[in-house]
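Below is one structure; the comments refer to it alone.
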Amino acid sequence: MILTIVFYVVIFICDSPKQKLTPLNRLIQSGTNSNSLNMYTSRLNDFKHNNSKLGCLLKNKLSLQEDIKKLMWDNIEDWDKCKISENWVELDESTENVSKIIEQHKKSTNDILVLLEEVIKKLENMEALSVYRDFISEFFEAVKARLGTDVWAKVKAAINRKLRTNK
């Protein structure tokens, strides 16, 4: 049953006029509809936005940490124990925040890698199927030449009718 469906789908794909296929068109023809392509694009944009936001947070926290260290050195010179203690607490909190941001950034980067792996697998499948599409297209040209245009048109019509009625 699956072989028959694949055969009909291949006929449909191979019988359409040849066109120059961009990687995007090939990805769409290989079974990825525009909704999933939009989903990939949307997810990638979300990851990029999140990554940018985390980068800004990290930059701000690192700047804050530098300010706290400068204050600490100033307070050490003045030997203000109370302020030194406050600075240590601030530095500890800032370090904890930086660690959290780094972990979030790591997760965001891993999400991007997972998405890229999915897209690469789709592209690999598309490339593999394009080789078969070309081979089957040549095969159908040979069958069409042997059967003649009239018989081939009838065969094509019968296959299309079968596909429409799912019988």
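The values are calculated or read from the model by the stated rules, or taken from the named source; none is laboratory data. As the structure is a prediction and not an experimental result, all values here were calculated from the model. All Cβ positions, glycine included, derive from the backbone under ideal geometry; neighbour counts span all protein chains shown.
Among the residues making up region 25-65, those that are among the basic types (Lys, Arg) and at pLDDT 75 or above are 43, 48, 53, 59, 61.
Is region 76-84 home to any residue that is hydrophobic (A, V, I, L, M, F, W, C), free of Cβ contacts under 8 Å to residues at least 40 places away in the same chain, part of a helix (DSSP H, G or I) and surrounded by 11 or more Cβ atoms within 10 Å (Cβ to Cβ)? Can you show your working first?
Taking region 76-84 as the starting set, the residues that turn out to be hydrophobic (A, V, I, L, M, F, W, C) are 76, 79, 82, 84.
Okay, now just the ones that are also free of Cβ contacts under 8 Å to residues at least 40 places away in the same chain, so 76, 79, 82, 84.
Those left that are additionally part of a helix (DSSP H, G or I): 76, 82, 84.
Restricting the remaining residues to those that are surrounded by 11 or more Cβ atoms within 10 Å (Cβ to Cβ) gives 76, 84.
Checking region 76-84: at least one residue is hydrophobic (A, V, I, L, M, F, W, C), free of Cβ contacts under 8 Å to residues at least 40 places away in the same chain, part of a helix (DSSP H, G or I) and surrounded by 11 or more Cβ atoms within 10 Å (Cβ to Cβ).
Taking region 102-153 on its own, how many of its residues are more than 20 Å from residue 43 (Cα to Cα) and part of a helix (DSSP H, G or I)? Break it down stepwise before answering.
Narrowing region 102-153 to residues more than 20 Å from residue 43 (Cα to Cα): 102, 124-153.
Right, trim to part of a helix (DSSP H, G or I) and you get 102, 124-147, 149-153.
Final tally of qualifying residues: 30.
Among residues of region 33-73 being hydroxyl-bearing (Ser, Thr, Tyr) and either surrounded by 14 or more Cβ atoms within 10 Å (Cβ to Cβ) or touching a Ser or Thr at 6+ places or on another chain (Cβ under 7 Å) (or both), the one that is farthest from residue 96 (Cα to Cα) is 36.
Whether a residue is of a type outside the set (Lys, Arg) and under 27 Å from the mean Cα position of the chain (by Cα) was assessed, and residue 51 passes this test. For residue 98, the conditions (1) modelled with pLDDT under 85; (2) hydrophobic (A, V, I, L, M, F, W, C); (3) touching a helix residue (DSSP H, G or I) at 6+ places or on another chain (Cβ under 9 Å) are fulfilled apart from (1).
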